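Step one of this worksheet: look at the structure below.
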Amino acid sequence: MISGGPGSGKTTLISHLEEQGYVCMHEISRDVIKTAQKEGIEQLFLENPLLFSQKLLEGRLQQFNEGSLHRIPFLFYDRGMPDVTAYMDYIQSRYPDYFYRTCTTHRYDTVFLLPPWEDIYEQDNERYESFEEAEKIYHYLLQGYRKYGYHVKEVPVGNVDSRADYILSQLTPKQ
């Protein structure tokens, strides 16, 4: 599972791994945001963070369950379920106990976290956070995954090939 704050290079890295033949489960946040915008809600996360987070958790749980059906050595997720509670903690919002239970009972084998990287950071219609906010979110993600007992591996800043090589060097294929 690959996570990181906004604009840290996750999507580029996931796309690169996919081009190399690895199966990847894509980020669903932008789809949730775009669907809400079509319904007249400009920033669902800001206007109704609990509803937004419920939709993300449900979508990521579905991805997790679909991923468990694959019989392949490696499968990469672009963000995981603990991202949901980390973001809720970041905005200091409460969430139902089932969020925590879902994150506790559905575990990823390995968690990679991409640190903030100002040189590649860009804001757009779906990424409204400043770089300073992205740095804070990174720390909440790190704390959030540790809260669930994960040993988080930080992916060094560098070109996409070196980042992918680092991730692949840290993995052991499932039997």
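The numbers here are math on the coordinates, done by the rules we state, and not lab data. Since this is a predicted model, take the numbers as computed values, not measurements. All Cβ positions, glycine included, derive from the backbone under ideal geometry; neighbour counts span all protein chains shown.
Here are a few things to note about the model shown:
- Around the amide H of Phe76, modelled in the peptide plane, lie the amide H atoms of Val23, Cys24, Met25, all under 5 Å away and 5 or more residues distant in sequence or on another chain.
- About its Cα centre, the dipole of the chain is roughly 820 debye, where the only charges are +1 on Lys and Arg Cβ and -1 on Asp and Glu Cβ.
- Whole-Å distance, taken between Cα centres, linking the stretch 45-82 and the stretch 128-164: 17
- Estimated inter-spin distance, His70 and Thr105, nm [label 7 Å along Cα→Cβ]: 2.4
- Length added when fully stretched, Tyr166-Arg30, from 0.36 nm per residue minus Cα-Cα: 46.3 nm
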